[in-house]
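So the structure is just underneath, and the comments pick up after that.
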Amino acid sequence: MKLTEIEVLLRRHRTASVLGAFILLVAGLDLILNPTHLPNNEFAGIPFLVSGLAILALVFRRAPGAPAPEDRTTLASRLLYRVTLRGRLVRWFPAFAIVLIGLDLAYNQLVFGGLSLGTEDTTFLLFAGALFAYPFLPARFGRERDFVLMFMTALILILVVPLLIARLYYQDFEKSVDIYSWTALAPQTAWMLNLVGVPASVHPFPPFTAPALTFTTKSGAVLTVVITTACSGIYSFGIFASAFVAFVVTEFDRVRPKVLVLLGLGFLTAYVANILRMVLIVLFGAYSDTPQESVNNLLIAHSNLGWLIFLGWIALFWGLVFRFVVRPSASAETSTTSEAPPPSRKRGVLCGVCEEPLTPALPGYRCECGRFYHVACAATVEECPRCHRPMKVAGTGEGTPVPP
């Protein structure tokens, strides 16, 4: 199958293609920021990330010579317009990004005595990269560049800023990192395990600062697991929250009540899904025959069960978003536009490129999908903007010349 055929197929199923691209992007970022314990998996998220970006590039690629999209008045564009002093600061974004990268490296040198990039540093550097590239992207990709910048900004506000505040409060690097596991994960997991009949308790486990969860297997063995930040699922939750916030501000011109309700339900169910992940991981070890099998099953479940549950839940949630939020909003905008026709409506058959009427004085061209074009306009583009079939003005295979 040729690349053009793949592109046409993806655009005909735009909703499913964008949904699949979002799932791949979330999976790639999650595996990069929160890798599993399997060997040689540091780059496991890169194929997911590249595939998601490739799908989005094919879906939203514009035909050469097609008119540029109109300026969007979304929440993100209005916010960036105000923050950047009516756009005057945008050209300085690369300089700001270089300063931020220098500050992060200096912070690592000051605290750790060398380069020791953790998850928070990676997030910060990705934000700096998005800031650096923002002014160089073409204007026709305004929505995409706004989404990336808003996503990275939300990730900084959700993951990095709270951690820095916790460090200032506790004055202890390790203790501040494990605050989420102590307060919002380990006690709830132990409560649910006791509810289903598996005795479990949470307690300190020196020299670790993270909470330890001790449970009894069906064979009578007592096992203890330490729930560190990397195992807590906080990074997956942060990625989901940031992606949804970026989606809302780049797709909508105002925050609708049902979007807020869906956002609240999404955060709540994501939190519940994370606790369910921990419970299932422990149950895999609790219902094993021998202590050795319990440890092996725990490791297998820890490496695979978490991201499978997360991706399944993400697919369900984004499917509901596209079904009940995106499509109804698009239908409402279409009906509003149809009810309010433009004051000066052009008559006759309009060209699909320049939107001017076809006249006997100008030769016309009809694509197989039925759309008409001026021959001169059709010669400036490689494909039909409606169906994306190649337009061969000189031939007769892909379209039918219309006599003047």
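The values are calculated or read from the model by the stated rules, or taken from the named source; none is laboratory data. Not measured: the values here are computed from a predicted model. All Cβ positions, even for glycine, are placed from backbone atoms using ideal geometry, and neighbour counts span all protein chains on display.
Just to be sure, is ALA301 more than 25 Å from ARG14 (Cα to Cα), assigned to a helix (DSSP H, G or I) and without any contact (Cβ under 8 Å) to a residue 24 or more places away in the chain? Break it down stepwise before answering.
On the way: more than 25 Å from ARG14 (Cα to Cα): yes; assigned to a helix (DSSP H, G or I): yes; without any contact (Cβ under 8 Å) to a residue 24 or more places away in the chain: yes.
The answer is yes for ALA301.
Of all residues in the range 196-211 being in contact (Cβ under 8 Å) with a residue 24 or more places away in the chain and either closer than 15 Å to GLY285 by Cα or not assigned by TED's automatic domain parsing to the domain that holds ALA230 (or both), which is surrounded by the most Cβ atoms within 10 Å (Cβ to Cβ)?
Among those that are in contact (Cβ under 8 Å) with a residue 24 or more places away in the chain and either closer than 15 Å to GLY285 by Cα or not assigned by TED's automatic domain parsing to the domain that holds ALA230 (or both), it is ALA200.
Which one of these is modelled with pLDDT of 75 or more and among the acidic types (Asp, Glu): GLU339, GLU356?
Numbers: GLU339 fails: modelled with pLDDT of 75 or more.
Only one candidate passes the filter, namely GLU356.
Can we say VAL161 is free of Cβ contacts under 8 Å to residues at least 12 places away in the same chain and under 30 Å from PHE247 (Cβ atoms)?
Working: free of Cβ contacts under 8 Å to residues at least 12 places away in the same chain: yes; under 30 Å from PHE247 (Cβ atoms): yes.
Yes; evaluated as a whole, the condition is true for this residue.
Does LEU168 fit the bill of being in a helix (DSSP H, G or I) and at pLDDT below 80?
Working: in a helix (DSSP H, G or I): yes; at pLDDT below 80: yes.
Judged against the criteria, LEU168 is a match.
Identify the single condition in (1) within 27 Å of LEU79 (Cα to Cα); (2) surrounded by 21 or more Cβ atoms within 10 Å (Cβ to Cβ) that PRO257 does not satisfy, given that it satisfies every other one.
Checking PRO257 against (1) within 27 Å of LEU79 (Cα to Cα); (2) surrounded by 21 or more Cβ atoms within 10 Å (Cβ to Cβ), the one that fails is (2).
Within the range 246-256, can one find any residue that is of a type in the set (Val, Ile, Thr) and within 25 Å of VAL196 (Cα to Cα)? Quick ask: steps written out before the conclusion?
As a first pass, look at the range 246-256 and keep what is of a type in the set (Val, Ile, Thr): 248-250, 255.
Going one step further and asking which of them are within 25 Å of VAL196 (Cα to Cα), we end up with none.
No: zero hits.
Of the residues VAL295, VAL249, which is part of a helix (DSSP H, G or I) and in contact with a Ser or Thr (Cβ under 7 Å, 6 or more places away or on another chain)? Can you show your working first?
Details: VAL295 fails: in contact with a Ser or Thr (Cβ under 7 Å, 6 or more places away or on another chain).
Sole residue among the options that is part of a helix (DSSP H, G or I) and in contact with a Ser or Thr (Cβ under 7 Å, 6 or more places away or on another chain): VAL249.
Can we say LEU263 is under 30 Å from ARG78 (Cα atoms) and either crowded, with 16+ Cβ neighbours inside 10 Å or hydroxyl-bearing (Ser, Thr, Tyr) (or both)? Give the derivation first.
On the way: under 30 Å from ARG78 (Cα atoms): yes; either crowded, with 16+ Cβ neighbours inside 10 Å or hydroxyl-bearing (Ser, Thr, Tyr) (or both): yes.
In short, yes.
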